[in-house]
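Below is one structure, written out as structure tokens; comments come after it.
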Amino acid sequence: MNIKTLKISELKPYKNNPRKNEEAVEQVANSIKEFGFKVPIIVDKDYNVVAGHTRLKALQKLGIDEVECVIADDLNKQQVKALRL
């Protein structure tokens, strides 16, 4: 598994993210404050977010500049699409 620490500014949210979780951002931010960041964001080789949009928004809300990400460069387009669901 390829895990890399990236700057939040390098990550590119997927514009067609199927999940609309705006109401969960505050709760996720509170969870990160209380327990720390435990689940990396998954990105493709170009740093497009595959999974973890709500966590990304929570990190931005908290003013965190860097995050650990899993680089899923071993997945094809169909697999990335399936993982996003």
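The values are calculated or read from the model by the stated rules, or taken from the named source; none is laboratory data. Predicted model only: the values in this text are computed from it and were never measured. When we count neighbours, we look across all protein chains shown, and the Cβ atoms used for this are built from the backbone with ideal geometry, even at glycine. The accessibility values were calculated without ligands, DNA or RNA, using every heavy atom of the protein model including side chains. Shrake-Rupley method; radii C 1.70, N 1.55, O 1.52, S 1.80 Å.
Counting only DSSP beta bridges with both residues in the chain, tell me the antiparallel percent, nearest 5.
Numbers: 7 of 11 bridges.
Looking only at bridges with both residues in the chain, the antiparallel portion is about 65 percent.
Using a 10 Å cut-off on Cβ atoms, rank the peptides 74-81, 44-51 from the highest mean neighbour count down.
Put in order of decreasing packing, that is 44-51, 74-81.
Which far-off residues, 5 or more places away or on another chain, put their amide H under 5 Å from the one on TYR14, with H placed in the peptide plane?
So TYR14 has HN proximity to VAL49.
Residue-wise, which Karplus ³J(HN,Hα) couplings in Hz belong to region 33-48, taking 6.51 cos²θ - 1.76 cosθ + 1.60, θ = phi - 60°, and x for glycine or proline?
Values per residue, Gly and Pro as x: 4, 7, 10, x, 8, 10, 10, x, 7, 9, 10, 8, 5, 9, 6, 6 Hz.
According to the Kirkwood expression over distinct Cα-Cα pairs, how big is the hydrodynamic radius of region 24-73, in Å?
The answer is 11.0 Å.
For ARG84, ARG19, write out the residues from largest to smallest accessible area, computed with a 1.4 angstrom probe and no ligands counted.
Output order, biggest surface exposure first: ARG19, ARG84.
Just the number, please: Stokes-Einstein D of the chain in µm²/s, Kirkwood Rh from C-alpha pairs, 10 °C, 1.306 mPa s.
Working: Rh = 13.0 Å.
D = 122 µm²/s.
From the protein chains alone at 1.4 Å, what is the descending order of accessible area for SER9, SER31, largest first?
SER9, SER31
In Å², and per residue, what accessible area does the chain have when probed at 1.4 Å with the other protein chains present?
68
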